[in-house]
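In what follows, a structure is listed as structure tokens, so that the remarks can point back to it.
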Amino acid sequence: MPTNQSRLGQFRLTVLILVTVVGCAAPTRAKSTDDVVVLKNGDRMTGEIKKLQRGELIFKASYMADAVRLDWSKVARLESKDQYLIILTNGQRFTDSLLLATPSAADNFLIGAQQNAVRAKQMEVLKITPVEAGFFRQLEGTMDFGFSFTSGNDQFQTDFSSSVTYRRGAHSVTGRLDSVFSGQTGGSSSARNQFTLDYRRQLSPRWYAGGLLDLLRSDQQSLDLRATAGALLGRNLRQTERTRISVFGGLAVSRDKYSAELDRSRTTNADALAGLEFNTFRFTTTDISSRLLLYPSLTTPGRTRMQFNADLRLKLVKDLYWGFHLYENFDSKPPVRAEKNELGASTSIGWKF
């Protein structure tokens, strides 16, 4: 069995690799810097539109040390000569120029040349991304780290999670890593590591298709590795500038490898797949995201697996936040004598990029 030191070393190496990769997420090519934004209080700035996401317009002027995050609902006018990927709340996508005109007009957001422009309401604009942005500038995500220590019994726990999303046109890829390690000096240790990869392709304003890959290792559930791969079809039930609710279903195949001490340590399963995703956020304050996955078995009658993750993030300053995380894995009929349920909660300090 791996020792506390070796597991902690593996964890530190994983964190170092992720920090190095995310640290490279810097702008690789500049666009024009004569974009204009005017706020409803009369403030006017000239600089560069970085992006619009989650109700925040990220804007950088030459005289600013750092980009500022502006409340999209407080923006009165926006002008730029560049091309952008523009996504509306109804799922429509455009690659064109933009202009946010006087707020007195009903459909005051213009996409394309004014004589042939597509018009939309300002708050129907969900996302704006520069077309010429390099790979790293297309990334958005979070990184969290938590640590706790009890001196009475020399027990400690480390928590690390990171999520990165890349979008290009109708395609998006999201990767997430969650790692929990707890141990005690001279005592036992426990580790849990999970990696998920999701691919989505928008088929229409509401419908999408995709696939997922999930790798899970859990000492508590005696899992050396559970690998799950599946295909799905989903629909956005609600998508506004602040909230997104999505459901999906499909088929999946999983391969379980349990601890060598257990009988029947390897099993292969075919499962149905059903899922629900909920995301909501409030400008500068709160960000909530949750995901529920159900895997009713097609090969083992009566067996159902469930995965649940939820994250609450409260902004502290700039891109730093305090996070609360909850996860649960449940297996109604594990093929070996192992724990059916694994539940965990943690707090952390995080960074959003």
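Contact map, segment 39-61: first residue within 21 Å of residue 242 (Cβ to Cβ), second residue loosely packed, with under 15 Cβ neighbours inside 10 Å, Cβ cut-off under 6 Å, separation 6 or more or different chains; pairs are 39/74; 40/74.
Summed over segment 88-98, residues that are in a strand (DSSP E or B) and buried (at least 18 other Cβ atoms within 10 Å of the Cβ) total 2.
Does segment 311-332 include one or more residues that are more than 24 Å from the chain's Cα centre (by Cα), touching a residue at least 24 places away in the same chain (Cβ under 8 Å) and in a loop (DSSP other than H, G, I, E, B)? Yes, the conditions are met somewhere in segment 311-332. Using the structure shown, decide if residue 219 is touching a residue at least 40 places away in the same chain (Cβ under 8 Å) and touching a strand residue (DSSP E or B) at 6+ places or on another chain (Cβ under 7 Å). It is false that residue 219 is touching a residue at least 40 places away in the same chain (Cβ under 8 Å) and touching a strand residue (DSSP E or B) at 6+ places or on another chain (Cβ under 7 Å).
Can you find a residue that is closer than 26 Å to residue 182 by Cβ, at pLDDT below 90 and under 25 Å from the mean Cα position of the chain (by Cα) anywhere in segment 297-307? No, segment 297-307 contains no residue that is closer than 26 Å to residue 182 by Cβ, at pLDDT below 90 and under 25 Å from the mean Cα position of the chain (by Cα).
Just one of the listed residues (256, 198, 219, 224) is charged (D, E, K, R), under 24 Å from residue 305 (Cα atoms) and in contact with a Phe, Trp or Tyr (Cβ under 9 Å, 6 or more places away or on another chain), and it is 224.
For the condition under 22 Å from residue 160 (Cα atoms), surrounded by fewer than 17 Cβ atoms within 10 Å (Cβ to Cβ), touching a strand residue (DSSP E or B) at 6+ places or on another chain (Cβ under 9 Å) and acidic (Asp, Glu), residue 319 qualifies. Applying a threshold of 6 Å to beta carbon distances and a minimum spacing of six or more residues, or different chains, the list of pairs starting in segment 234-248 at a residue that is β-branched (Val, Ile, Thr) and ending at one that is crowded, with 19+ Cβ neighbours inside 10 Å reads 240/89. Among the residues of segment 220-233, is there at least one that is β-branched (Val, Ile, Thr), touching a Ser or Thr at 6+ places or on another chain (Cβ under 8 Å), surrounded by 19 or more Cβ atoms within 10 Å (Cβ to Cβ) and within 19 Å of residue 330 (Cα to Cα)? Yes, segment 220-233 has at least one match.
The values are calculated or read from the model by the stated rules, or taken from the named source; none is laboratory data. Every value quoted in this text rests on a predicted model; they were computed, and no experiment measured them. Cβ: placed from backbone, ideal geometry, glycine included. Neighbour counts: every protein chain shown.
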